[in-house]
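Beneath this line is the structure, given in structure tokens, with notes to follow.
The values are calculated or read from the model by the stated rules, or taken from the named source; none is laboratory data. Quantities reported herein were computed from a predicted structural model and do not represent experimental measurements. Reconstructed Cβ throughout: ideal geometry from the backbone, glycine too, with neighbour counts over all protein chains shown. Each accessible area value is taken on the protein alone, full model and side chains, heavy atoms only, with ligands, DNA and RNA left out. Shrake-Rupley method; radii C 1.70, N 1.55, O 1.52, S 1.80 Å.
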Amino acid sequence: MVPERSAKPAAGAPRIAALEDDPSQAKLLQHWIASQGWICRHFDRGQDILRALLKDTYDLVILDWRVPDLSGEEVLRALRKSVQEPLPVLFTTGRDREEDIVHALKAGADDYLIKPLRRMEFLARVEALLRRSRALGRDAEVPIEVGEFRIDPLGRTLHKSGHGIELTQKEFEMAMLLFRSVGRLLSRSYLLDTVWGISAEVSTRTVDTHASQLRSKLGLYPESGWRLSAVYQHGYRLEKMGAGLPAAEPPARAPRKRS
């Protein structure tokens, strides 16, 4: 039997966080997810994944019930309490009693799978949940129309009020991700992962440079009805401002020390 190859993540590929303390099960999940061209970040402790979810950006979370320190359920409750943006959560566990399933769903899970997991069912459930947070499959090829902007993913063109704007490959991919996520805060780590395919541990000003270029080329300024704001120590958010409304307050920054 020829082993299944993992697909190389495409620019803008969904980013998934998975909590699983069993090494063999974690490796299997990562392989299944990578086979679809999606990005998977694995955690084996509840505290670690919760810390990552509170400061970083993901499109889907997969939680195992029983793990060291914080359980999947505790992570789920803390996540629903602290994260305002909708984030799909898939719960996986060996518990198959009806009351356990109801308990997890009431705690905030969007779906529930009983172990042992089956590859095709698992991937189908993951894909269905990803559709709730971002465009996938055929939807990813549908032109994006927001305000005066129209982005064609297949033709790789961007028009503003009918006029084409020339962008580099990475500028286009970052713009497409931002316009698919209007109002959503995207971390630098998320942008580096999904657009450039590089680790956030790499010291780079790439995201900031491209954000500045997009702001200038696309006119993403409050006086034009848009705001591409840098959120201190986190990332970027693209916002469409209401007609006639005052500009949004800039994100809070750490106070400067007086000399």
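The table for this structure:
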| quantity | calculated |
| --- | --- |
| Lysine pairs meeting the criterion (Cα under 20 Å, 8 or more apart or interchain), as found in the chain | 11 |
| The chain: calculated mean residue ellipticity at 222 nm from DSSP helix runs of at least 4, using -39500 (n - 2.57) | -10000 deg cm²/dmol |
| Net charge over other residues, Cβ less than 10 angstrom from the Cβ of residue 162 (K, R count +1; D, E count -1) | +1 |
| Per-selection Kirkwood Rh - the range 1-123 (Cα, Å, 1 d.p.) | 14.8 Å |
| Trypsin sites (Lys or Arg not before Pro) restricted to DSSP loop in the range 18-63 with at most 15 other C-beta within 10 Å | 45 |
| Within a Gaussian network of the chain (alpha carbon springs, distance under 10 Å), most fluctuating of 88, 23, 153 | 23 |
| Cα-only radius of gyration and Dmax that characterise the range 73-118, units Å | 10.9, 32 |
| Contour minus Cα-Cα distance for residue 97 and residue 83 (0.36 nm per residue) | 2.2 nm |
| Nitroxide proxy distance, nm - points 7 Å out along Cα→Cβ at residue 198 and residue 170 | 0.6 nm |
| The chain, accessible area per residue, ligands and nucleic acids excluded (1.4 Å, Å²) | 55 Å² |
| GNM top mover of 171, 141, 73 - the chain, alpha-carbon springs below 10 Å | 141 |
| Share of pairwise Cα separations in the chain, more than 33 Å, in percent | 26 percent |
| The chain - percent of accessible surface contributed by carbon and sulfur, probe 1.4 Å | 49 percent |
